[in-house]
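As structure tokens, the structure follows; a few thoughts come after it.
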Amino acid sequence: MSVAAKRERRIPEKKVRMRKEFEELLRNNRYLLVVDAYRLKASMANEVRRLQPKLGFRMKGGKMRVLLKAIENVYPEAAKELADKLSGQLLFIFTNENPFRIAYELDKFEVAMEASPGDIAPEDIIIPEGNTGIPPGPVIGVFSALSIPTKIVAGSIYVAKDVLVAKKGDKISPNLANILSKLGIKPIKSKVSIKFAYDFVDNILIPRELLIPDIEAIKSDIEKAALNAFKLAMEIEYITSRTIEPLLLMAMNRARALAVEAEYIDKSTIEYLITMAVARANRLASEAGISE
């Protein structure tokens, strides 16, 4: 038996199967998208898996070292570049589809989740006034502990007024998580956070900021560039469909100013010239002490 075969036998069968599955996925897919799975709830991951047939990808978990070994076996050059990029809790998406489209679709996919103790409130959380449908009991003490005024109406706990129970950025306590769950309030917005993508054909690493660009920032930059281009075209008097009208208006104003300065009489200057003549006459009369 060869040394490699002996080493293979010492590796747990589960890891061997995982590595072989990774290798098959790598050979059959051009792109790898790496997802940050830290605090990614299992229910959210399951929602993403439901998108696999529609978007054309396969999401799989597994040990990073096993994936790196599979990449080393299939794409040795890529393994060198990815070795220090894979860290933390990760999920892996394999696809032949456009990685930019997949990243875009997953980034806008958001699921409302129940809060767990220790979660951070993404926005202000308000418990509204109204009947909760919860029968009275020990839970009233939890409402009281959260300073939520209640009364009993028609055999149920009734919240007497709207109450701000957590501000944006606050840590959610066990009592608050319990009450929010009972009220069916899901304040946590869970999203998929993609760290980067890798193209194994062209050996290109695509960082998150390129995969999921800031559309509003790009729009603002394009608007500024268009305005600067328009200003430059006007400055050098470059004729386009956008500049022809303002350039003609500017030329007309310059021609009128020149005609007025030269006292050239035509229908566009006569009014200005008469006004200027009257103003000069009045000034001379004033200087000469001649009254009207």
Every residue from the stretch 121-142 that is within 36 Å of the chain's Cα centre (by Cα) and closer than 16 Å to Gly184 by Cβ: Ile125, Ile126, Ile127, Pro128, Glu129, Gly130, Thr132
Cβ contacts < 6 Å: first residue more than 23 Å from Asn98 (Cβ to Cβ) and assigned by TED's automatic domain parsing to the domain that holds Leu82, restricted to the stretch 16-39; second residue assigned to a helix (DSSP H, G or I) and small (Gly, Ala, Ser), any location; separation 6+ or different chain. Result? Arg19/Ala70; Glu23/Ala70
Boolean, Ser87 is of a type in the set (Gly, Ala, Ser), assigned by TED's automatic domain parsing to the domain that holds Arg27 and under 25 Å from the mean Cα position of the chain (by Cα): yes
Pick out the one residue from Leu180, Leu146, Leu106, Leu90 that is surrounded by 14 or more Cβ atoms within 10 Å (Cβ to Cβ) and touching a Pro at 6+ places or on another chain (Cβ under 7 Å). Leu180
Kindly evaluate Ile148 against the criterion of being under 23 Å from Glu209 (Cβ atoms) and among the β-branched types (Val, Ile, Thr). no
May I ask you to list pairs of residues, at least six apart or on different chains, whose Cβ atoms are under 7 Å apart, with the first in the stretch 204-230 being within 30 Å of Leu33 (Cβ to Cβ) and at pLDDT 80 or above and the second being surrounded by 11 or more Cβ atoms within 10 Å (Cβ to Cβ) and of a type in the set (D, E, K, R)? Leu205/Glu81; Ile206/Asp199; Arg208/Lys195; Ile212/Asp107
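Here are some residues: Glu81, Glu77. Which one is over 30 Å from the mean Cα position of the chain (by Cα) and in contact (Cβ under 8 Å) with a residue 12 or more places away in the chain? Break it down stepwise before answering.
Numbers: Glu81 fails: over 30 Å from the mean Cα position of the chain (by Cα).
Checking each option against the conditions leaves just Glu77.
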For the stretch 135-237, give me every one of the helices (runs of 4 or more DSSP H) that falls completely inside it and has 2 or more residues that are closer than 30 Å to Ala103 by Cβ. 208-211, 215-235
Filter the stretch 51-71 for residues that are out of contact with any Ser or Thr (no Cβ under 9 Å at 6 or more places or on another chain) and either touching a residue at least 12 places away in the same chain (Cβ under 8 Å) or surrounded by 17 or more Cβ atoms within 10 Å (Cβ to Cβ) (or both) and give the result. Leu51, Met59, Lys60, Gly61, Gly62, Lys63, Val66, Leu67, Leu68, Lys69, Ala70, Ile71
May I ask you to list pairs of residues, at least six apart or on different chains, whose Cβ atoms are under 6 Å apart, with the first in the stretch 268-292 being free of Cβ contacts under 8 Å to residues at least 40 places away in the same chain and the second being assigned to a helix (DSSP H, G or I)? Ser268/Arg256; Thr269/Ala259; Thr269/Val260; Tyr272/Val260
Determine the pairs where a residue that is assigned by TED's automatic domain parsing to the domain that holds Pro136, located within the stretch 149-169, has a partner that is in a strand (DSSP E or B) and charged (D, E, K, R) with Cβ atoms under 7 Å apart, the partner being 6 or more residues away or on another chain. Tyr158/Lys151; Ala160/Lys151
Regarding the stretch 227-241, can at least one residue be identified that is touching a helix residue (DSSP H, G or I) at 6+ places or on another chain (Cβ under 9 Å), surrounded by 13 or more Cβ atoms within 10 Å (Cβ to Cβ) and under 30 Å from Arg27 (Cβ atoms)? no
Regarding the stretch 184-201, can at least one residue be identified that is within 30 Å of Ile157 (Cα to Cα), modelled with pLDDT of 90 or more and loosely packed, with under 12 Cβ neighbours inside 10 Å? yes
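For residues in the stretch 109-127 being of a type in the set (A, V, I, L, M) and surrounded by 15 or more Cβ atoms within 10 Å (Cβ to Cβ), which is farthest from Arg50 (Cα to Cα)? Full working, then the answer.
Of the stretch 109-127, the ones of a type in the set (A, V, I, L, M) are 111-113, 115, 120-121, 125-127.
Remaining after also requiring surrounded by 15 or more Cβ atoms within 10 Å (Cβ to Cβ): 111, 113, 115, 121, 125, 127.
Details: Val111: 13, Met113: 17, Ala115: 23, Ala121: 27, Ile125: 29, Ile127: 32 Å.
By that ranking, first place goes to Ile127.
The values are calculated or read from the model by the stated rules, or taken from the named source; none is laboratory data. If you're wondering where the values come from, they're calculated on a predicted model, not measured in any experiment. For neighbour counting, all protein chains shown are included, and Cβ atoms are generated from backbone atoms with ideal geometry for every residue, glycine included.
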